[in-house]
1. Based on this model, can you work out whether residue 123 counts as away from the ligand (no atom under 13 Å from the Cβ) and modelled with pLDDT under 95?
2. What number of residues within the range 66-90 satisfy the criterion of being out of contact with any Ser or Thr (no Cβ under 8 Å at 6 or more places or on another chain) and within 12 Å of residue 122 (Cα to Cα)?
3. Within the range 294-348, how many residues turn out to be more than 16 Å from the ligand (Cβ to nearest atom) and not in a loop (DSSP other than H, G, I, E, B)?
4. Could we say that residue 254 is of a type in the set (Lys, Arg), under 27 Å from residue 171 (Cα atoms), surrounded by fewer than 21 Cβ atoms within 10 Å (Cβ to Cβ) and over 14 Å from the mean Cα position of the chain (by Cα) here?
5. If you take the residues of the range 108-131 that are among the hydrophobic types (A, V, I, L, M, F, W, C) and outside any helix (DSSP H, G or I), which of them is nearest to the chain's Cα centre (by Cα)?
6. Go through the range 439-468 and give me each residue that's in a helix (DSSP H, G or I) and surrounded by fewer than 23 Cβ atoms within 10 Å (Cβ to Cβ).
7. Which of the residues belonging to the range 400-437 are surrounded by 24 or more Cβ atoms within 10 Å (Cβ to Cβ), outside any strand (DSSP E or B) and not aliphatic (A, V, I, L, M)?
8. Could you figure out which of (1) more than 16 Å from the ligand (Cβ to nearest atom); (2) assigned to a helix (DSSP H, G or I); (3) surrounded by 18 or more Cβ atoms within 10 Å (Cβ to Cβ) isn't true of residue 395?
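The values are calculated or read from the model by the stated rules, or taken from the named source; none is laboratory data. What you are looking at is a predicted structure, and each value in this text was computed from that prediction instead of being measured. Heads up, the Cβs are rebuilt from the backbone with ideal geometry, glycines too, and the neighbour counts pull from every protein chain shown.
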Amino acid sequence: MSELTSLTLASALDGMAQKRFSSAEVTDAFLAAIEKANPHLNAYVVVTAEQARAAAKASDARRAKGSAGPLEGAPLGIKDLFCTEGVRTTAGSNILGEFSPTYESTVTSQLWRDGALMLGKLNMDEFAMGSSNETSAFGAVVSPWRRGNQDAKLTPGGSSGGSASAVAADLCLGATATDTGGSIRQPAAFTGTVGIKPTYGRCSRWGIVAFASSLDQAGPIAKTVEDAATLLQSMAGHDAKDSTSLPNALPDFRAACSRSIKGMTIGVPEEYRVDGMPEEIEKLWAQGIEWAKAAGAKIKKISLKHTKYALPAYYIVAPAEASSNLARYDGMRYGARAAGRDLNATYEQTRARGFGAEVQRRILIGTYVLSAGYYDAYYLRAQKVRQRIAQDFRDAFAEVDAILTPATPSAAFALGEKSGDPVAMYLNDIFTVTANLAGLPALALPAALDAQGLPLGLQVIGKALDEESVFAVSAALEKAAGFSVRARKWWL
Ligand code: GLN
């Protein structure tokens with residue numbers, strides 16, 4: 001029943017509600033699809049087939065009794081940064097060894113509370129540091145997309161590359177992901193899927209392996225804007241276990257997707273027109289503006305003056321927080337240990353062997369910018385820049401309801417193409433890091449194909465706590481774009 005795997009979350013939930021098929025059938029179809037695709041795509045690091053089948057059976061029984069939750073029976077993939085009780089959690093790193101959490105993250109527990117079930121854990125860049133999935137200790141993830149008829153392996157983006165690849169290749173109905181500087185939106189843009197990073201604090205960070213705590217946010221990657229709204233509804237909400245979790249009531253995200261954007265004002269920031277940006281990205285952006293106008297929105301040019309400082313500020317703040325967060329991996333408490341002659345040698349060997357090159361680079365940069373003598377010059381200044389960037393957005397949102405930009409400065413690149421050049425890799429995040437620094441909700445949606453047949457994404461940024469406008473504008477653009485191309489399943 002392979003056609004079951006190509007359903008959207010909304011149509012799969014409908015089909016199960018109408019008893020056209022069961023969760024057990026949908027789950028089996030996904031497990032069969034994963035078995036065929038995963039040797040080629042490497043999207044899942046752990047497949048929990050038995051648990052998934054058992055959960056699907058239990059879900060079908062609940063539905064039969066008339067107690068179906070809003071995600072009842074929906075098989076999802078979980079980024080391997082979320083702690084899952086009794087299921088190995090790796091964060092894409094060797095340093096966690098065979099770590100199997102004794103507790104469940106808040107976000108995933110809310111998905112299960114609402115009836116969803118887990119197919120397995122999804123591959124990712126090590127500790128979510130990367131933009132191509134090549135820093136994973138478990139090997140790169142391959143995108144189902146290819147350039148024309150070429151068979152070069154392309155990146156699905158990162159760090160949530162497993163999530164994006166799995167959704168694009170029909171290996172789950174939707175996936176969880178996290179975004180510290182773009183890791184939901186960039187992979188979504190590279191794979192023709194939809195990803196939203198909500199307002200900082202909307203989703204609890206409890207039970208999510210920390211990268212940079214003031215920037216990290218969870219969110220879904222899905223096939224449509226509406227599916228992303230449905231998943232976020234379950235993932236978000238206040239949690240006393242995360243002191244940065246927001247107490248605000250959740251609006252109806254799905255309802256917001258059918259709200260008209262007539263009369264809304266959409267800002268277009270000049271500063272997002274960067275040097276060397278391919279013409280196709282310019283064209284995509286211009287097209288997005290036309291679609292918004294045609295749907296009745298007003299367009300306003302805005303200025304986000306400090307945009308050019310966002311990337312340097314991010315690559316100070318994020319490594320600084322990472323160097324502190326990752327201090328806990330010392331080979332003593334849990335995870336892998338490489339025993340040395342004394343305590344210091346054990347620390348050194350554990351961390352030298354357990355962390356990959358990119359993670360070590362971040363720890364070194366982070367430690368450097370936080371050290372006495374450099375703290376003021378780097379870390380403190382980056383924090384000041386961060387305030388300016390947030391203020392730019394506040395000023396802009398006094399005049400506009402949402403902001404429209406391209407999601408990435410290019411389409412997906414080939415594996416190996418940028419992995420030798422960290423700065424080229426960091427430049428992928430140029431349009432996405434600003435929303436993390438300012439804590440704002442931002443969504444990437446597929447809007448067009450480039451000349452080589454690869455998806456390109458638009459980004460909609462909203463005011464803090466105004467995911468509703470983000471969903472409304474994104475759904476309007478999605479409708480206008482009519483993007484329906486799917487990656488060819490070349491592995492079958
Ligand atoms: N690519 C960015 C980085 O490497 C963002 C990663 C993320 O959002 N987790 O830090």
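1. Working: away from the ligand (no atom under 13 Å from the Cβ): yes; modelled with pLDDT under 95: no.
When the stated conditions are applied, residue 123 does not pass them.
2. 1
3. The first filter runs over the range 294-348 and keeps only residues more than 16 Å from the ligand (Cβ to nearest atom), leaving 294-309, 327-348.
Among the residues that remain, those that are also not in a loop (DSSP other than H, G, I, E, B) are: 294, 298-302, 305-309, 327-328, 343-348.
The number of residues fulfilling the criteria is 19.
4. Values: of a type in the set (Lys, Arg): yes; under 27 Å from residue 171 (Cα atoms): yes; surrounded by fewer than 21 Cβ atoms within 10 Å (Cβ to Cβ): yes; over 14 Å from the mean Cα position of the chain (by Cα): yes.
For residue 254, the condition - of a type in the set (Lys, Arg), under 27 Å from residue 171 (Cα atoms), surrounded by fewer than 21 Cβ atoms within 10 Å (Cβ to Cβ) and over 14 Å from the mean Cα position of the chain (by Cα) - is met.
5. Ranking the qualifying residues of the range 108-131, first place goes to 124.
6. Kept after step one, since they are in a helix (DSSP H, G or I), are these residues of the range 439-468: 467-468.
Scanning the range 439-468 gives a single hit, 468.
7. Of everything in the range 400-437, those that are surrounded by 24 or more Cβ atoms within 10 Å (Cβ to Cβ), outside any strand (DSSP E or B) and not aliphatic (A, V, I, L, M) turn out to be 408, 428, 429, 431, 432, 434, 436.
8. With respect to (1) more than 16 Å from the ligand (Cβ to nearest atom); (2) assigned to a helix (DSSP H, G or I); (3) surrounded by 18 or more Cβ atoms within 10 Å (Cβ to Cβ), residue 395 is out only on (3).
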